[in-house]
Amino acid sequence: MAPAPSSSLATAGHGKTKSGRSSSSAVRPALLAITVSVMVVLLMAVLFGARWTPSGGHGGGADTSWVSAGARVVLNAVSSQQGADPVVKVAQPHDRLLGGLLSPDFNDTSCLSRYRASLYRRRSLHVLSSHLVSALRRYESLHRLCGPGTSAYERAVARLRSPSSSNTTSDAPSECRYLVWTPHAGLGNRMLSITSAFLYALLTGRVLLFHRSGDDMKDLFCEPFPGATWVLPEKDFPIRGMERFGIRTRESLGNALGRGEGGRDPPPPWMYVHLRHDYTRPGASDRLFFCDDGQDALRRVGWVVLLSDNYFVPGLFLIPRYERELSRMFPRRDAVFHHLGRYLFHPSNTVWGMVMRYHGSYLAKAEERVGVQVRTFSWAPISTDELYGQIVSCAQGENILPRVRESSSGSDNATAIPGSGRQQQQRPARRKAVLVVSLHGEYYERIRDMYYEHGAAGGDAVSVFQPTHLGGQRSEERMHNQKALAEMMLLSFSDVALTSAASTFGYVSHGLAGLRPWVLMVPVRKKAPNPPCRLAATVEPCFHTPPHYDCQARTKGDNGKTVRHVRHCEDLKDGVQLVD
């Protein structure tokens, strides 16, 4: 249950009798009345807790807090602390706005998944801060003001195109600042880096624009912000070739700091931030993005171009100037991607059609859905036989999947005895659907055949499905990405998740679901480790390549030990992730 705002009950000083002694008889009725009042208030909270309504924030209603009617009674009756941000659970089932996370300012038919995807997932138990809800509404207003197609955007592009003339004009302030995200790597990496970029935009008052350099990302996601597109209009945009930027790009933050130009006045019209996996290589200064030096250099720059294949959200928690705002947005640090991912990523109607057709045909009637996501990496080699054994050992050892019967004959379910008219009754079969997602088909085939040939012990009816097995990753193809997103969504409908270590695909699917997955640990010398899997400590994805830099000492450091809520990942020891 979400923590309620702290409250206090002020009581007057003890009454005195004429003889100077405390009058206990006068105090007892008052205490009894207070106790009864509090009990009545709590009862009302329970009775009315299912209704969620907006509440004007403190200080004239600038903020909007989404609270249940029951929570409202408690807050109004017993909270004497003004200015605090109430933290409440995500709204009740069938609340299409997810407790205020989503904006109501969209047409349902333009994006069928936006208000419907949550109906197919387990109810989220992760608390949502009213401060985050308010920040999202403020950002949407900023995006309407500054997004493509607005006069403010046209003026900002004009300044970018002719910086020399605009710098000499003192009465031409930069009313809008921008963060341009450029795609790189596979879809899972892209979604994690977009989420990181969006959080950085929230923290710095920038407008996030999506640089879609080819067709591979078209008809994939719905527009996340009402009133203006997030897609960067490429025609006539003065910064060209952004997808080819790299660590040697002259305009990069690291190179500017290396030249001693971090405090340049006037600031450059644009700057490039390189946060790909190679940004920490020796001699590079790009890791200073996570230090005050880097943030000071970027603060007055109108346009920032970002290229990253990392979930660098944990790195933002390392920057002291953002600590307070992040703690208000995310009182629990282990649900950042869960909230922002559900806010940002809504499959297009094309992709949602794939999801619904597959779900309706194969998964809808199951009483329990188990998602099994399998990914192998060249840096962690393991044979198909060994990995299959690891999957089965984990799934059956942790009671995720039932063991098989020792004999292929007979049945553990209710079965009729031929010719007797009697029925041998044990328990009804529990229908369990196993969704296997992998680039290869061997694991699905072996799990399917295991239950087909032997049957599940205990009588469960286990069905095994795999939507695709494409054989390899082709992130430059639109259809490949559409199928990948559809599979992520189907996995996010799981009741239990089993996923490969270090898989960004898995991070996205169980992050959207809000589930702590069972993680298949990295092989040791090509062999499955013991134990084969662990229950993840957090829902949060892993930041695979953190800076590992001590900004104050200006030397190498261990970012898994820098701040309280950032710790080393269980599935990739050099990485860090948010925990609570």
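Table for the structure above
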read-out	value
Scattering profile of region 244-309 at q = 0.12, 0.23 Å⁻¹ [log10 I(q)/I(0), Debye over alpha-carbon scatterers]	-0.24, -0.92
Potential lengthening between Glu406 and Asp385 on full extension [0.36 nm per residue; Cα-Cα distance subtracted]	5.5 nm
Within region 481-580, trypsin sites (Lys or Arg not before Pro) in DSSP loop having at most 16 other beta-carbon neighbours inside 10 Å	Arg525, Lys526, Arg554, Arg564, Lys573
Spatial separation of Cα centroids for region 498-522 and region 274-324, in angstrom	26 Å
Model label zone, Arg478; criterion: amide N under 20 Å from point 7 Å along Cα-to-beta-carbon; scope region 177-196	182-188, 190-191
Neighbourhood charge, 15 Å Cβ-Cβ cut-off, centred on Ala201 and excluding it, Lys, Arg +1 and Asp, Glu -1	+4
Debye intensity ratio I(q)/I(0), log10, region 266-400, q values 0.13, 0.16, 0.17, 0.18 Å⁻¹ (C-alpha model)	-0.96, -1.13, -1.16, -1.19
For region 456-580, the Rg and Dmax computed from alpha carbons only, in angstrom	17.6, 62
Cβ crowding within 10 Å averaged over residues, with 179-187, 257-265, 149-157 ranked highest first	179-187, 149-157, 257-265
Gain in span if fully extended, Ala364 to Arg248, counting 0.36 nm per residue against the direct Cα distance	36.7 nm
Above-threshold pairs, the threshold being 29 Å between Cα atoms, out of Lys527/Lys573; Lys483/Lys573; Lys365/Lys483	Lys483/Lys573
Label-reachable residues, region 346-389, where backbone N falls under 18 Å from a point 7 Å from Leu119's Cα toward its Cβ	346-366
Tensor-based shape of region 190-291 (alpha-carbon gyration tensor, a/c under 1.5 rounded, otherwise prolate or oblate)	prolate
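Throughout, read-outs are computed from the coordinates displayed, never taken from laboratory work. Here the structure is a predicted model, which is why all the values come from computation and not from measurement. In this analysis, Cβ positions are derived from the backbone assuming ideal geometry, glycine residues included, and neighbour counts consider all displayed protein chains.
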